[in-house]
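Here the structure is laid out as structure tokens; the discussion comes afterwards.
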Amino acid sequence: MGNHPHMPSTSTFLSVESVTVRYGDTVALDEVTLHIPAQRVTVLIGPSGCGKSTTLRCLNSLVKPSSGQITYHDLETRAMDETGLRRSMGYAIQSVGLMPHMTVEENVDLVPRLLGWKKTSRPERVSKLLQLVRLDPTTYRNKYPNELSGGEAQRVGVARALGADPPVLLMDEPFGAVDPLTREQLQDEFIRIQRQLKKTVVFVTHDIDEAIRLADYLVIMDKGKIAQADTPEKILADPDTDFVDKFLGPDRPLKRLTLFTADRCMNDAIRTEEPPEHDCESQLCYWHTDKEGKPLKGYVWIHGKLVERHIIGDAHTVQTYSSLKECMSTLLNLGLPAVPVVDEEGRLCGEVRFDTIQKISLP
């Protein structure tokens, strides 16, 4: 495995070399060459029928290339045992694909059981994975898929894909069937889990904001070919073609806000027990918290007037993994020049300021 051509800080883990897929006279993939960086998230995106899902399914041999080769761990996949190849890769899809007759525990335990893991170690593995995706094992392990909400089922699907601790995780529109709010929450969880586990992920989506938010390496496809592949920052700054420029949309500066998470852009929060003394210059925010450190009120002096806002839970706070686009929306809802950032327990850990968002939005 050599250095990745566009991301020299990492190596290439999976290589797709001149792969073509034909169905009769139809060419689904046309001489696609792609280098997938290790321990990073590669996102494939493009219009319907562009070949993104076909490319993903070629990686675990669900689709057989008509020509070209795919290399995994320095081995050609066509020379590998297909069952062993697929079990070495986690796989999460939009429809989740949970076995309806199996409990949550049995679904998550499926691949470790097939791989012959010791029976005594598997319940602990299931518990660990359910905790990782923020589902209480005691509450969920004995439930059946029809007892889960869409978001819960998708979390179980991710836990199942991670069941045997695979080095590669393939995800085909995994959050596409849930409502926008749940989708943002699942994206937050995905970012948190990926930072912790550092898997090599190939992720297919049709949502450009999701792609830019999650991708370390972004691959835009069109008509079975790769239109542009690079880091999201470089593609947003310099689209290669008119197609890529139009596909990204007219709001490219705004899309830059999805590249950054709150914890990487936040400042220290100033805490206070009483409304602050007159401060007509700085327009700094001051935060009053309860005994547990959860924000209750925010204050700021504007034009000689003290402005006070009550903090109403999720409507007025952001999580550490929230995008700056979410921060901007919450900031406007709160009506202060900064938004409080809270940890998993809801305790104040910093703030994201409007002027920070404004600077980052500039190309």
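The values are calculated or read from the model by the stated rules, or taken from the named source; none is laboratory data. Small disclaimer: the values here were computed from a predicted structure and weren't measured. Note that we place each Cβ from the backbone using ideal geometry, even for glycine, and neighbour counts take in every protein chain shown.
Could you identify the single residue in Ser61, Ser15 that is hydroxyl-bearing (Ser, Thr, Tyr) and in a loop (DSSP other than H, G, I, E, B)?
Being hydroxyl-bearing (Ser, Thr, Tyr) and in a loop (DSSP other than H, G, I, E, B) holds for just one of Ser61, Ser15, which is Ser61.
For every residue, the table says whether it meets (1) assigned by TED's automatic domain parsing to the domain that holds Pro37; (2) under 20 Å from Val16 (Cα atoms); (3) crowded, with 22+ Cβ neighbours inside 10 Å; (4) modelled with pLDDT of 90 or more.
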| residue | (1), (2), (3), (4) |
| --- | --- |
| Lys143 | yes, no, no, yes |
| Gly151 | yes, no, no, no |
| Asp165 | yes, no, no, no |
| Leu170 | yes, yes, yes, yes |
| Pro180 | yes, no, no, no |
| Val201 | yes, yes, yes, yes |
| Asp207 | yes, no, no, yes |
| Leu218 | yes, yes, yes, yes |
| Thr231 | yes, yes, no, yes |
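Give the residue, chosen from Gly304, Gly335, Gly298, that is within 18 Å of Asp268 (Cβ to Cβ) and not hydroxyl-bearing (Ser, Thr, Tyr). Walk me through it before giving the result.
Values: Gly304 fails: within 18 Å of Asp268 (Cβ to Cβ); Gly335 fails: within 18 Å of Asp268 (Cβ to Cβ).
Testing whether each residue is within 18 Å of Asp268 (Cβ to Cβ) and not hydroxyl-bearing (Ser, Thr, Tyr) leaves just Gly298.
Output yes when any residue across region 288-300 is crowded, with 17+ Cβ neighbours inside 10 Å and in contact with a helix residue (DSSP H, G or I) (Cβ under 9 Å, 6 or more places away or on another chain), and no when none is.
Yes.
Considering Asp263, Asp238, which residue is closer than 29 Å to Arg347 by Cβ and either assigned by TED's automatic domain parsing to the domain that holds Glu344 or out of contact with any helix residue (DSSP H, G or I) (no Cβ under 7 Å at 6 or more places or on another chain) (or both)? Working first, answer last.
Values: Asp238 fails: closer than 29 Å to Arg347 by Cβ.
Exactly one residue qualifies, and that residue is Asp263.
Can you tell me which residue in region 75-108 is surrounded by the most Cβ atoms within 10 Å (Cβ to Cβ), limited to those that are in a loop (DSSP other than H, G, I, E, B) and of a type in the set (A, V, I, L, M, F, W, C)?
Leu98
Select from region 313-363 the residues that are under 22 Å from Glu189 (Cα atoms), surrounded by fewer than 17 Cβ atoms within 10 Å (Cβ to Cβ) and without any contact (Cβ under 8 Å) to a residue 40 or more places away in the chain and list them in ascending order.
Selection gives Gly313, Asp314, Ala315, Ser329, Asp343, Glu344.
Enumerate the pairs (first residue in region 70-97 and without any contact (Cβ under 8 Å) to a residue 24 or more places away in the chain; second residue anywhere and β-branched (Val, Ile, Thr)) with beta-carbon separation below 6 Å, excluding pairs fewer than 6 apart on the same chain, so at least 6 apart or on different chains.
Within 6 Å, the pairs are Thr77/Ile70.
Considering only region 233-249, state which residues are closer than 17 Å to Met7 by Cβ and either under 22 Å from the mean Cα position of the chain (by Cα) or buried (at least 20 other Cβ atoms within 10 Å of the Cβ) (or both).
If the condition is that a residue be closer than 17 Å to Met7 by Cβ and either under 22 Å from the mean Cα position of the chain (by Cα) or buried (at least 20 other Cβ atoms within 10 Å of the Cβ) (or both), then Glu233, Lys234, Ile235, Leu236, Ala237 are the ones that fit.
Which number in (1) surrounded by fewer than 21 Cβ atoms within 10 Å (Cβ to Cβ); (2) among the β-branched types (Val, Ile, Thr); (3) touching a Gly at 6+ places or on another chain (Cβ under 7 Å) marks the one condition that Ile191 misses?
Every condition holds for Ile191 apart from (3).
Out of the residues in region 36-65 that are over 15 Å from Leu169 (Cα atoms) and out of contact with any Gly (no Cβ under 9 Å at 6 or more places or on another chain), which is surrounded by the most Cβ atoms within 10 Å (Cβ to Cβ)?
Going through the qualifying residues, I end up with Gly46.
Applying the selection to region 247-298, what residues are within 14 Å of Leu324 (Cβ to Cβ), part of a strand (DSSP E or B) and of a type in the set (Ser, Thr, Tyr)?
Residue satisfying the conditions is Thr261 alone.
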